[in-house]
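The values are calculated or read from the model by the stated rules, or taken from the named source; none is laboratory data. Please read all numbers here as calculations on a predicted model, not as lab measurements. As a convention, Cβ positions derive from the backbone with ideal geometry for all residues, glycine included, and neighbour counts pool all protein chains shown.
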Amino acid sequence: MIIVMQTGVQEKEIQQVVTRLEEVGLGVHLSKGEFRTIIGAIGDEKIVRAMGLEALSFVEKVLPITQPFKLVSREFQDENSVFTVGDCTIGGDQVVLMAGPCAVESEEQLLEAAVGVKAAGAQILRGGAFKPRTSPYAFGGLEEEGLKMLARVREKTGMPIVTEVMDQHTVGLVSEYADIVQVGTRNMQNFYMLRELGKLNKPILLKRGLSATIEEWLMAAEYIMSGGNHQVILCERGIRTFETYTRNTLDLSAVPVVKHLTHLPIIVDPSHGTGSWRWVPAMSRAAVAAGADGVMIEVHPHPEKALCDGAQSLTIEKFTNVCHQLEQVAAVFGKHIKKVTV
Ligand code: PEP
Ligand code: MN
């Protein structure tokens, strides 16, 4: 339920409601907007109804949240959530560029990629150390060694890193290194892991499950948020359809739908979304035009030698061109790409 306070409500009046909700064992989330304060009461709706809070002069109304996802919902928080990572913000008026190789293969490869994508304009470096692979015989990542390389390259370039966690036992390890912890498509409904991520105090990049509906995806975000971590960034990365020409079908309609349903930022991964470097520039531009808060693009200094996802990786040169295009698209929609100092 949400308790909408009258405009001009006093701090002590807000506290009075918060205390009453806490006394009956409800979770409380306070959202102070420019004009309105909204108190979210998390727990049994019947209890909130029975409290008769509307009788208080400083309470405007008490409303149920109609969606199955609560904390995630725009009913719960009208203003966009904006998270700070390094010196950029995600969810506001910036379009954030995350780029780097699919997998960390060696420190040289990672550094070359990082220097290249940074010079092109990317603010955040991506790279998997734990790789979910369909075949057990494929390269599965350098694991902790890869995380250490990411940390050293962050040290050298100043770029924050986003990297994937694959199970609940390594949440602690990965979050020690990562600035943004990535949940891959295959783990979107790994509920034990989502619960662990809910205990962290850093942004989680939650990829859409490869066959997940938008509602299932938002319910996964709710798992993380209900644990106390409200910093969830959604990532559309394509879904399974009957189409086989592209690796997945990039559902760009998810961007405006998610923006309508939630206050959380959403970024788009056109690399996994299409499976071919050829389609990445167009889908990146389309993602920004659709209102995405950023894109995550696979870039490899030598895609032909990549141990993972070379076919969908852009060269540094191609990525540089995409960045120039995205600057122009962002500007059309009143957004900008924050310049990084190289
Ligand atoms: C990735 O980004 O490295 C990745 C494995 O993506 P996805 O989970 O979307 O397949
Ligand atoms: Mn990949």
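Brief remarks follow.
- Selection count, the range 2-22, where residues are part of a loop (DSSP other than H, G, I, E, B) and either at negative phi or surrounded by 15 or more Cβ atoms within 10 Å (Cβ to Cβ) (or both): 4
- So Lys131, is it among the basic types (Lys, Arg), within 16 Å of ligand 1 (Cβ to nearest atom) and crowded, with 20+ Cβ neighbours inside 10 Å: yes
- With respect to (1) touching a helix residue (DSSP H, G or I) at 6+ places or on another chain (Cβ under 6 Å); (2) over 20 Å from Phe83 (Cα atoms), the lone exception for Asp251 is condition (1).
- Against the list (1) within 15 Å of ligand 1 (Cβ to nearest atom); (2) more than 25 Å from Ser106 (Cβ to Cβ); (3) surrounded by fewer than 22 Cβ atoms within 10 Å (Cβ to Cβ), the condition Ile233 fails is (3).
- Residue count for the range 13-23, restricted to those that are within 23 Å of Asn229 (Cα to Cα) and out of contact with any strand residue (DSSP E or B) (no Cβ under 8 Å at 6 or more places or on another chain): 3.
- Any hit, the range 290-302, residues being surrounded by fewer than 18 Cβ atoms within 10 Å (Cβ to Cβ) and more than 22 Å from the chain's Cα centre (by Cα): yes
- Those residues of the range 281-308 which are within 26 Å of Glu216 (Cβ to Cβ) and in contact with a strand residue (DSSP E or B) (Cβ under 6 Å, 6 or more places away or on another chain), in sequence order: Ser284, Ala287, Ala292, Asp293, Gly294, Val295, Met296, Ile297
- Residue match in the range 35-42 (condition: touching a residue at least 40 places away in the same chain (Cβ under 8 Å) and part of a loop (DSSP other than H, G, I, E, B)): yes
- For the range 101-122, a residue qualifies if it is acidic (Asp, Glu) and either in contact with a Ser or Thr (Cβ under 8 Å, 6 or more places away or on another chain) or within 16 Å of ligand 1 (Cβ to nearest atom) (or both), and exactly one does: Glu105.
- Residue within the range 79-90 that is modelled with pLDDT under 90 and touching a Lys or Arg at 6+ places or on another chain (Cβ under 9 Å) present: no
- Only one of His300, His263, His324 that is farther than 23 Å from Glu243 by Cα, within 14 Å of ligand 1 (Cβ to nearest atom) and in the same structural domain as Gly209 (by TED's automatic domain parsing): His300
- Restricting Thr163, Thr170 to residues that are closer than 23 Å to Lys199 by Cα, within 14 Å of ligand 1 (Cβ to nearest atom) and either under 22 Å from the mean Cα position of the chain (by Cα) or acidic (Asp, Glu) (or both) narrows the list to Thr163.
- Given (1) among the aromatic types (Phe, Trp, Tyr); (2) within 23 Å of Lys207 (Cβ to Cβ); (3) over 17 Å from the mean Cα position of the chain (by Cα), number of the condition Phe58 does not satisfy: (2)
- Subset of the range 205-217 [buried (at least 24 other Cβ atoms within 10 Å of the Cβ) and among the aliphatic types (A, V, I, L, M)]: Leu205, Leu206
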